[in-house]
Amino acid sequence: MKKMKNITFIVALFLTTTVFGQKLGHINSNELLMAMPERTTIENEIKKYAQQLESQLGTMTQEYQAKVQNYQSKEATMTEAIKQDKIKEITNLEERISEFQQTAQKDLQAKEESLLKPIIDKAKNAIEQVAKENSYNYIFDSGVGVLLYQQDSDDIMPLVKKKLGLI
């Protein structure tokens with residue numbers, strides 16, 4: 001029901017803007033971001049950070065495997081108290097690894113967001129400037145899939161790329 005209201009609203013907005021002669025445009029923001037040269041540098045930084053996290057996780061995993069192997073090889077000669085202590089030690093390490101994985105995932109996502117924010121802002125500013133300079137009333141982002149009808153709108157990708165010096 002809510003989805004139908006949203007679609008009805010977008011269709012009504014589209015019809016209202018075209019009836020009153022407002023100028024519409026569209027752009028695929030994902031395509032624009034991929035065309036920006038800063039993207040390569042950011043991807044490299046993210047890969048490097050991810051590799052550091054993976055390296056740390058690898059070290060922890062090796063330590064875990066060594067402890068498990070050591071336990072398995074000496075289990076027969078261990079007293080019950082030592083067995084319980086070793087099992088507790090292995091379980092604690094499993095928990096640390098799990099926590100690290102969760103934290104690393106969040107950290108990697110935060111790092112990506114912080115690195116992407118400046119180029120997203122740069123692209124947004126260029127889109128706004130092109131829209132103002134060319135008297136567009138609305139620009140739809142076709143990369144997100146919110147565009148229901150496109151024929152009567154202009155693709156401003158070439159104008160934004162020109163503004164950013166990409167062409």
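Note on the stretch 135-165: among residues that are among the β-branched types (Val, Ile, Thr) and under 11 Å from LEU32 (Cβ atoms), the one that is modelled with the highest pLDDT is VAL160. What about GLU128, is it at negative phi and either assigned to a strand (DSSP E or B) or without any contact (Cβ under 8 Å) to a residue 24 or more places away in the chain (or both)? For GLU128, the condition - at negative phi and either assigned to a strand (DSSP E or B) or without any contact (Cβ under 8 Å) to a residue 24 or more places away in the chain (or both) - is met.
For LYS86, the test of being more than 25 Å from LEU115 (Cβ to Cβ), without any contact (Cβ under 8 Å) to a residue 24 or more places away in the chain and not hydrophobic (A, V, I, L, M, F, W, C) is passed. Remark: LYS111 falls outside the filter, which requires a residue to be at pLDDT below 95, among the basic types (Lys, Arg), surrounded by 11 or more Cβ atoms within 10 Å (Cβ to Cβ) and out of contact with any strand residue (DSSP E or B) (no Cβ under 9 Å at 6 or more places or on another chain).
If you go through the stretch 61-84 and pick out every residue that is loosely packed, with under 12 Cβ neighbours inside 10 Å and not aliphatic (A, V, I, L, M), you end up with 9. Does the stretch 86-109 contain any residue that is assigned to a helix (DSSP H, G or I) and under 30 Å from LYS163 (Cβ atoms)? Scanning the stretch 86-109 turns up at least one residue that is assigned to a helix (DSSP H, G or I) and under 30 Å from LYS163 (Cβ atoms).
Annotation: GLU99 fulfils all but one of (1) surrounded by 11 or more Cβ atoms within 10 Å (Cβ to Cβ); (2) acidic (Asp, Glu); (3) free of Cβ contacts under 8 Å to residues at least 24 places away in the same chain; the unmet one is (1).
Of the residues making up the stretch 81-130, those that are among the hydrophobic types (A, V, I, L, M, F, W, C) and within 16 Å of MET60 (Cα to Cα) are ILE90, LEU93, ILE97, PHE100, ALA104.
The values are calculated or read from the model by the stated rules, or taken from the named source; none is laboratory data. As the structure is a computational prediction, the values presented were derived from the model and not from experiment. Don't worry about glycine lacking a Cβ; one is built from the backbone with ideal geometry, like all the others, and counts go over all protein chains shown.
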